[in-house]
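Here is the structure we will look at, set down as C-alpha cells.
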Amino acid sequence: MTRPRLLMASMALLLAVSPAAAYIRSTFSTTDATPIRWDLDETQQSQANVVGGEIVYTIDTAGSQNIPGTADADAIVRAFQHWEGIGTSRVAFVRGTDQAIQAANNDGINAVYFAEGVRTPIGGVNTNVDGFISLTPVFSTTAGANKGLILDANIILNGRQFTWTVTPDSVPASFDVEAVVTHEVGHFIGLDHSGVLNATMAPRYLPGEARQRTLESDDIAGASAIYPDGNFATNGTISGLVGRPTPVFGALVAVEDLEGRVLQESITASNGSYAAPGLASNDYNVYVEPVDKTPPTTTNFFDETDLGGVYGATVDPNFFASLPLLTTVTAPSATTRSFSVGSSAPAINITKIGARASTLPSVVFRNAPTFVFAGDNNVFVGVAGPNVTTGAVFEITGTGITDNGLASNGTVDGEPYVIHSISVSTTADAGLRTFRVTSGALGRTYATGGLEVYPNVSMSLAAPGLFLVVPGEVNTGRQPGQNPLTLTLRGNDIDLEWDDEPGAYGYNVYRGTIASLASGVYDHQAIAGTVNGKCGVTTSYTALPGEALDNTGTYYLVSAWNNIGEGIVGRDSANNNQPPASPACPAP
C-alpha cells in the first residue's frame, strides 16, 4: 500500500514535521512519526525512478505559459542541483527524458510541471489546484519494514492563479521558478517546513524573492542527516529534553554560533527529546521557544498549521521561551542540553517584521523575514505583534549589529509595532540573525532567523540573491594555491566544490585531459549535458553524474562570470594565465 502526502506552499500555508531532530522531517502521518525518505541504495526496494543512487525526475514538456523557451526547465534543473552539491549529503538527482505529463500519481514518474488548468490528477483524484502556489505530493510505503520509504514524488507549480519568472528582480510580481522549486525539492526528499524564517524550507515566501535559491545551514543539516555523506557522522550533536518535567511536544530548540548566526532549529518529539546533529567542535548558544499559538490574532510566522504529520496534529505552545545557554560541543561526542519550562502561554509574539528601509515611511510590515547589508548605516527595521510595545526590550542577536534606538512606534493591523534604527558593521558575519523581544511577565518571543545579513549592497533590494548594482570585473586570476577545487568521489559521480568568488553571478566548469596537459597543451572545453552542461552554474559546487565511470585522466577548471563577462580560468604554477576553453561556454 502507498500513501500520498501533500506538501504545499502558499503565501499563508505550508507543511512540515520531524521526529526530534534539527531541521524538521516529514513524517508518515498525523499519528505515526516514522520519517519518510528515499532508499538511494535500493537495498529495501527496487525502483525505476532511482538509478545508481540518483533520483530521477521528469520535466513536463509544456513548461510555463509565462516563460519562453527552456528557461523554466533550466531553472528547475538548477533547483535540484542546489541540493545535490552538499558535501555532507549524498542525495543526488538525474534529469530523465522530458515528456508530456500533467499528473502527480504513484506511477514511478517523478513529474515536475506547471498546472495551468482548474484541476490536475493527484493520486488518481482530479484535484482543484486553487489555493496553493506549489505542491509536492509524495507517495510512500504504508506498512512493513519499508514503511515510510518514498516511492514517488511530484512537484506541481500553480500556473492558473500565479505568474512565474526566472528573473524576479525584473518581474517582482511573479514567483521565481528556481526559488520555489528549490523549496519543493526539500519536501521531495523528505523535509518539511523549518521554523528558521529565512531558511529555504521556511513556510513563507513572496513574489519577487530569490532567497530560497540559497540553502541555509538548517536546510543543509536536514539533507545531511537523512542522506549522510562525507564527514557528517564525525561531527558532534547537542541533544536533550524539554519538560516541566513532563515532556513538551513540539518545542523548537535553536542553535546559534557565538556571532549570533542561526545554524539550525530542532523540534521535540512526543517524549520531549530533540537532537541537533552535524555540529563541529565549538561553543554554541542554545535556546528553546514555543511554536506560535493558534488561532492567531492576525497571522503567525510558524504554528502547527505550518506543520504536517505528527506535528501538525497537536503541539504544546504553552511555555515561555528561554534565554540562550552556552553549550560546548566536542565532536564526535553528544552534548546534553535540557530545558525546564513552565506552563504559561506567552502573551507576546512577533507576527510581522518591518522590512529594511532607508526612511521611516518606507518601512513595510509583512509576515515575512527581512535582510540588511554589511556596512548599512542608520537603516530601519521593525517588529510587530501582540504586546510588542515600547515597554518591551528589542534585541537583534549576535555581533556586528548596533541598535541605535527606537525610531518610531504605532500599530499595524491592530497590533503594536516598534521600529529601530540599526547600523551593521562592514565586517559583520553574513548569515541569519534573530529578533528577540522581552516583556517581563508577558514572556519572551523570537523571530528565529528573521534577519539575514548579506555581505554587500550589490544584492538586489527587490529580490535578495540577485545582483542589482554591477559588482565589477570578476577576479582576474588567483595565485597558485588559492581557491583550489575540492574533488570528492561519490559512487559513480564526482562532486566539485570551490570558494565563492566576490562579484560573481555564476561559474562555468570545464574539463580537459591530463595526457594533453602533460605534453604542454591545455585542451579543456565546456562539459556537454543538460542546462548547457556545466555552464552557468549558480552555486560554488556542482555534481558530475557518472564521471567516475570514465577512467581517462582528467583535470577540471572553473571560471567566474558576471554581466561584464567571463573571468579567466586561473593561473598555472608559473603564475601565467591559463588559456580559455575551446569550445567555451556561451556568453551568459
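The values are calculated or read from the model by the stated rules, or taken from the named source; none is laboratory data. On a predicted model such as this, the values are computed, not experimentally measured, just so you know. So basically every Cβ, Gly included, is an ideal-geometry build from the backbone, and we count neighbours across all protein chains shown.
Tabulated data for the structure shown
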| item | result |
| --- | --- |
| Residue within segment 510-525 that is closer than 30 Å to Ser458 by Cβ and at pLDDT below 80 present | no |
| Filter result for Phe188 (surrounded by fewer than 23 Cβ atoms within 10 Å (Cβ to Cβ) and either over 18 Å from Phe80 (Cα atoms) or modelled with pLDDT of 95 or more (or both)) | no |
| Filter pass, Gly63 being small (Gly, Ala, Ser), in a loop (DSSP other than H, G, I, E, B), closer than 27 Å to Ser540 by Cβ and in contact (Cβ under 8 Å) with a residue 24 or more places away in the chain | no |
| Neighbours by Cβ (under 7 Å, 6+ apart or cross-chain): first from segment 357-383, farther than 18 Å from Glu209 by Cβ; second basic (Lys, Arg) | Val379/Arg356 |
| Leading residue by the ranking (farthest from Leu135 (Cα to Cα)) among those in segment 199-218 that are at pLDDT below 95 and under 10 Å from the mean Cα position of the chain (by Cα) | Ser217 |
| Flag for Gly117 being more than 18 Å from the chain's Cα centre (by Cα) and not in a strand (DSSP E or B) | yes |
| Scope segment 156-185; condition of a type in the set (S, T, N, Q), within 19 Å of Phe80 (Cα to Cα) and more than 11 Å from the chain's Cα centre (by Cα); matching residues | Asn158, Thr165, Thr167 |
| Which listed residue is hydroxyl-bearing (Ser, Thr, Tyr) and closer than 28 Å to Thr43 by Cβ, from Thr141, Thr165 | Thr141 |
| Search result, residues across segment 311-321 that are surrounded by 19 or more Cβ atoms within 10 Å (Cβ to Cβ) and more than 21 Å from Pro277 (Cα to Cα) | Gly312, Val315, Asp316, Pro317, Phe319, Phe320, Ala321 |
| Residue count, segment 371-391 (criterion: in contact with a Gly (Cβ under 9 Å, 6 or more places away or on another chain) and surrounded by fewer than 21 Cβ atoms within 10 Å (Cβ to Cβ)) | 3 |
| Residue match in segment 468-484 (condition: more than 28 Å from Pro207 (Cα to Cα), at pLDDT 80 or above, small (Gly, Ala, Ser) and not in a helix (DSSP H, G or I)) | no |
| Verdict on Val171 being part of a helix (DSSP H, G or I) and in the same structural domain as Gln45 (by TED's automatic domain parsing) | no |
| Any hit, segment 531-545, residues being touching an Asp or Glu at 6+ places or on another chain (Cβ under 9 Å), modelled with pLDDT under 75 and surrounded by fewer than 19 Cβ atoms within 10 Å (Cβ to Cβ) | yes |
| Within segment 100-119, considering residues that are in contact with a Leu (Cβ under 9 Å, 6 or more places away or on another chain) and either among the β-branched types (Val, Ile, Thr) or surrounded by fewer than 18 Cβ atoms within 10 Å (Cβ to Cβ) (or both), the one modelled with the highest pLDDT | Val112 |
| For Phe435: the one exception among (1) outside any strand (DSSP E or B); (2) within 14 Å of Val372 (Cα to Cα); (3) modelled with pLDDT of 95 or more | (1) |
| Enumeration of residues in segment 279-323 that are farther than 20 Å from Arg25 by Cβ, in contact with a Leu (Cβ under 9 Å, 6 or more places away or on another chain) and of a type in the set (Asp, Glu) | Asp283 |
| Matching residues in segment 334-383 - criterion: being within 26 Å of Asn318 (Cα to Cα), part of a loop (DSSP other than H, G, I, E, B) and not small (Gly, Ala, Ser) | Arg337, Val341, Pro346, Ile348, Asn349, Ile350, Thr351, Asn367, Pro369 |
| Residue list for segment 271-317, restricted to those being over 23 Å from Thr34 (Cα atoms), of a type in the set (Phe, Trp, Tyr) and either in contact (Cβ under 8 Å) with a residue 60 or more places away in the chain or not in a strand (DSSP E or B) (or both) | Tyr287, Phe301 |
| Lone unmet requirement of (1) closer than 18 Å to Pro455 by Cβ; (2) assigned to a loop (DSSP other than H, G, I, E, B); (3) of a type outside the set (S, T, N, Q) for Pro386 | (1) |
